[in-house]
Amino acid sequence: MDTIGARAGIGPDSWLDWLDDSRLGLAMRSELWLYPIVEVVHIIGFVLLVGSVVMFDLRVLGLSKDIAVTALARHLLRWSVAALVLIVPAGLMMFTAHPHDFATNNIFILKLCLIATAGINAGLFHVGVYRSVARWNTGIAAPAIARVQAVFSMGLWGTVVLCGRLLAYT
Ligand code: HEM
């Protein structure tokens, strides 16, 4: 897509140009404190999310078996949803600062794919093995598939954090 076509609002890059030229994109680039503040909000959000996920996964792996899995899930799910309210808008705001760079950055694309995979893993856990949680709620080892999904989940979220950090260097 040539520049004139893109600026005219047609073609695959036009939405990136639109974001780049937006008042938000401009403010994110020019206001001294805006980007760092938004980044801190993003960090607080993903610390909450990844912290909650890891606490739950460790419980599924057998730590603190006296805590009911269902009670912990209820407690941590609220924090995870609250965390997303911080993470996603802050992530999108940072994206608007350099939309072309991020959209063509393989690490950024990998990060989004890993987030989607982690979401699917969590969804499959809930519609799958979690339905039998009454049988392993307290004091009993979780089924092998639950433990495999917990390890997979921690690996995925750890790699998402790694990709996020690497964005500053790529
Ligand atoms: C959901 C879980 C997420 C995690 C765990 C995560 C993790 C991270 C980490 C570790 C950083 C680096 C922060 C720093 O070093 O200061 C980062 C930065 C960033 N994230 Fe996320 N992120 C998540 C979601 C998102 C989403 C949904 C988007 C956008 C749609 C996004 C966009 C960005 C952008 C644009 C940066 C800035 C990179 C830079 O300025 O160099 N993130 N993220």
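The values are calculated or read from the model by the stated rules, or taken from the named source; none is laboratory data. On a predicted model such as this, the values are computed, not experimentally measured, just so you know. Heads up, the Cβs are rebuilt from the backbone with ideal geometry, glycines too, and the neighbour counts pull from every protein chain shown. SASA here: full protein model, heavy atoms, side chains in, ligands and nucleic acids out. Shrake-Rupley method; radii C 1.70, N 1.55, O 1.52, S 1.80 Å.
Please determine whether any residue of segment 65-75 is charged (D, E, K, R), surrounded by 12 or more Cβ atoms within 10 Å (Cβ to Cβ) and on the phi < 0 side of the Ramachandran plot. Yes, the conditions are met somewhere in segment 65-75.
Hey, among Asn137, Asn105, Asn121, which residue is more than 20 Å from Arg29 (Cα to Cα) and either touching an Asp or Glu at 6+ places or on another chain (Cβ under 6 Å) or within 14 Å of the ligand (Cβ to nearest atom) (or both)? Exactly one residue qualifies, and that residue is Asn121. The condition (being open to solvent by less than 30 Å² (accessible area, probe 1.4 Å) and part of a loop (DSSP other than H, G, I, E, B)) is satisfied by just one residue among Ala146, Ala142: Ala142.
Among the residues of segment 24-55, just one is under 13 Å from Met154 (Cα atoms) and among the polar types (S, T, N, Q), namely Ser52. Scanning segment 76-88 for residues that are open to solvent by 30 Å² or more (accessible area, probe 1.4 Å) and either more than 9 Å from the ligand (Cβ to nearest atom) or at positive phi (or both) returns Leu77, Arg78, Trp79, Val81, Ala82, Val85, Leu86.
Checking each residue in segment 89-100 for being among the aliphatic types (A, V, I, L, M) and open to solvent by less than 60 Å² (accessible area, probe 1.4 Å) picks out Ala90, Met93, Met94, Ala97. For Phe95, the requirement of being aromatic (Phe, Trp, Tyr) and within 15 Å of the ligand (Cβ to nearest atom) is met. I'm trying to understand the selection: among the residues of segment 10-54, which are open to solvent by less than 50 Å² (accessible area, probe 1.4 Å) and modelled with pLDDT under 95? Hits for segment 10-54 are Gly11, Ser14.
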